[in-house]
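**Student:** Sharing a structure here in structure tokens format.
A short reminder: the numbers here are calculations on the coordinates, not readings from a lab. Here the structure is a predicted model, which is why all the values come from computation and not from measurement. Virtual Cβ from ideal backbone geometry, glycine too; neighbours counted across all protein chains shown.
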Amino acid sequence: MIDVNALVGPYPFRSIPHPDADVLVRVLDREEVDLAWVGHLPSAFHRDPAAGNAELLAALKPHAARLKPVLAIRPDWPRWEPLLKDARDAGAVAIRAYPPQWQLGPHDSSMAELAIACGEARLPLVLTVRFEDLRQRHPLDVAGDLSAAAIRALARAGKGVRLIVTAAGREMIEEVHWGLTPEEQQRVLWDISWIWGPPEDHLAKLFRTIGSRRFVYGTQWPLRLTQNPRANLDLLPDDLGSAAMGDPDEF
Amino acid sequence: MNEPLIDCHAHFLHALCGRSDWQDVNAARFRAGDKIGVTCHVASILGTHGFRSPVYFPSPDDVTVGNDAMLALLKREGTRVAMMVTVNPNHTAHATREIERCVKAGAVGVKLLASRRADDPLLDPVCALAAKHGLPVLHHIWQHRRREWPNQEISDGADLARLASRHPKVIFILAHIGGGGDYAHTFHAVKGSPNIYPDLSGSGVDRGMLDDAIKALGPKRLLWGSDITMCTGLAKLRALETTGLLSADDLKDIRWRNAARIFRAGTLGGVA
């Protein structure tokens, strides 16, 4: 089991308990999760993610066997292209980008270029729909959610594109999935961190309609309880209890 | 026998909710409840859930239809369900009649939506009746009201605290600290209101939320619940065991003993 949606570092709008790499390793042990793909939470809110990437690599180095770095690249800044090779050389398993926080619209050409380049480098691009529920956000947190249109545009950007979209709910997943061709649909994996379980059974419905292999395990630790996606899987109807999910490593 | 578990915030649907899958949703609640170990679903039906009148502003006719469906469910399911009677306080005479009618038929509490601000005097007759019958009042809450939102007249912890101070003999259940808004505000707002018991339900599973609730209010003021996301309810149940802030005895309080204390004796199935 891989948690594709873990982060370390503080959050600017509220205090979160001990968002540190060594704590994350203990959480993985407790939850019986093998590995985590880990991003640097503050970098989403920094103008330049370079310092955050360096901090992330340093923080994860003692736990290299369990915590895999996911570095952030900002494609609207000049000379981002070499950073992709640097990231790969540094052991990154994927790249993160935050279009709403960087005010990049749904059809921003630099995001499309980054998605294509990540595909060519065989690195999935991890996108975040939201960090918090819209209803509780700090007055200064005005970025808004990542839109379905933005995800569709990136999924259509090229054959090699591979997106892992985190923190999406049922409606967005359906809007994107059924707005793509069957080939484009295969370019997108969804983490289950924000999908509802029973009694509405959104996760079960998505497994039945879209297919369980389009979904991967994700927690959004340290912002959300790690117990949530496991609880959601445990509460699936019996006939879906052994449904195979997607493998981010093979993606 | 396993430790009891009371879901203090549950809802069911019925045939007039405008959803062809209403029976599936109800069945899913029981299926998940069995897996989680829910002993009793303390539940309400919210009019026609928006089909004929708005969810949070149900018409008197829809309130009655929903309560009738809930009474039928109560009769069919026995002790694994307990009923909160839903009312709209804008229709005061109807609201008080519904409470009397449904209490006679077995309702154990009152459910208030977001039809009127919590501190409005129109809620006083409802609360007086709740005091007379010993009924806890579950009030829908938006954690920290900073502006108006469409389709509901939202109240927050501070609004409910003013109502609770006017009715010290009534127990108020503050709905879903994870149900939207800033729960951190709520803990400050209700700390000095001993007759307000927040429930932990809601889709929000922020890390730190449970810890802050326990630190601010203590385990004897918190109630476990699920509302419309039972996965988050199970996650919180599991997370409570890892906070390092609760003894095994404290966990029993949140799981069921606080609920057993605030509802009339013998009204919650499976609980002594």
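**Student:** Residue by residue through the range A:212-230, note down the ones that are outside any strand (DSSP E or B) and more than 10 Å from every other protein chain (Cβ to nearest Cβ).
**Tutor:** The answer is A:212, A:213, A:214, A:217, A:218.
**Student:** While we're on this one: Among the residues of the range B:50-70, is there at least one that is within 14 Å of chain A (Cβ to nearest Cβ) and either among the β-branched types (Val, Ile, Thr) or within 26 Å of residue B:151 (Cα to Cα) (or both)?
**Tutor:** The answer is no, given that none of the residues of the range B:50-70 is within 14 Å of chain A (Cβ to nearest Cβ) and either among the β-branched types (Val, Ile, Thr) or within 26 Å of residue B:151 (Cα to Cα) (or both).
**Student:** Here's a follow-up. Of all the residues that make up the range A:11-26, how many are surrounded by fewer than 20 Cβ atoms within 10 Å (Cβ to Cβ), within 13 Å of chain B (Cβ to nearest Cβ) and either part of a helix (DSSP H, G or I) or touching a Ser or Thr at 6+ places or on another chain (Cβ under 8 Å) (or both)?
**Tutor:** Result for the range A:11-26: 2.
**Student:** State yes or no: is residue A:242 within 10 Å of chain B (Cβ to nearest Cβ) and part of a loop (DSSP other than H, G, I, E, B)?
**Tutor:** It is false that residue A:242 is within 10 Å of chain B (Cβ to nearest Cβ) and part of a loop (DSSP other than H, G, I, E, B).
**Student:** Does the range A:102-129 hold any residues that are more than 17 Å from residue A:70 (Cα to Cα) and either touching a residue at least 60 places away in the same chain (Cβ under 8 Å) or of a type in the set (Asp, Glu) (or both), and which are they?
**Tutor:** A:108, A:113 - these are the residues of the range A:102-129 that are more than 17 Å from residue A:70 (Cα to Cα) and either touching a residue at least 60 places away in the same chain (Cβ under 8 Å) or of a type in the set (Asp, Glu) (or both).
**Student:** Here's something else I'd like to know. Mind checking which residues of the range B:3-27 are assigned to a loop (DSSP other than H, G, I, E, B) and of a type in the set (Asp, Glu)?
**Tutor:** B:3, B:21
**Student:** So, residue B:104, is that one among the basic types (Lys, Arg) and free of Cβ contacts under 8 Å to residues at least 12 places away in the same chain or not?
**Tutor:** yes
**Student:** Sticking with this one: Of the conditions (1) in contact (Cβ under 8 Å) with a residue 40 or more places away in the chain; (2) surrounded by 23 or more Cβ atoms within 10 Å (Cβ to Cβ); (3) touching a helix residue (DSSP H, G or I) at 6+ places or on another chain (Cβ under 9 Å); (4) not acidic (Asp, Glu), residue B:269 clears all except one; give me its number.
**Tutor:** For residue B:269, the exception is condition (2).
**Student:** Go through the range B:2-22 and give me each residue that's among the polar types (S, T, N, Q) and either within 11 Å of chain A (Cβ to nearest Cβ) or under 27 Å from residue B:240 (Cα atoms) (or both).
**Tutor:** B:2
**Student:** Still on this structure, please answer the following. Take the residues of the range B:23-42 that are of a type in the set (A, V, I, L, M, F, W, C) and within 11 Å of chain A (Cβ to nearest Cβ): which is nearest to residue B:154 (Cα to Cα)?
**Tutor:** This residue is B:25.
**Student:** For the range B:209-237, what are the residues that are basic (Lys, Arg), surrounded by 17 or more Cβ atoms within 10 Å (Cβ to Cβ) and either away from every other protein chain (no Cβ under 14 Å) or farther than 22 Å from residue B:136 by Cβ (or both)?
**Tutor:** B:221
**Student:** Moving on. Restricting attention to the range A:188-201, and to residues there that are free of Cβ contacts under 8 Å to residues at least 60 places away in the same chain and either surrounded by fewer than 24 Cβ atoms within 10 Å (Cβ to Cβ) or within 14 Å of the chain's Cα centre (by Cα) (or both), which single residue is farthest from the other protein chains (Cβ to nearest Cβ)?
**Tutor:** For the range A:188-201, the residue satisfying everything is A:188.
**Student:** Return the residues of the range B:189-208 that are within 14 Å of chain A (Cβ to nearest Cβ) and either at negative phi or buried (at least 21 other Cβ atoms within 10 Å of the Cβ) (or both); say none if nothing qualifies.
**Tutor:** B:200, B:201, B:202, B:203, B:204, B:205, B:206, B:207 - these are the residues of the range B:189-208 that are within 14 Å of chain A (Cβ to nearest Cβ) and either at negative phi or buried (at least 21 other Cβ atoms within 10 Å of the Cβ) (or both).
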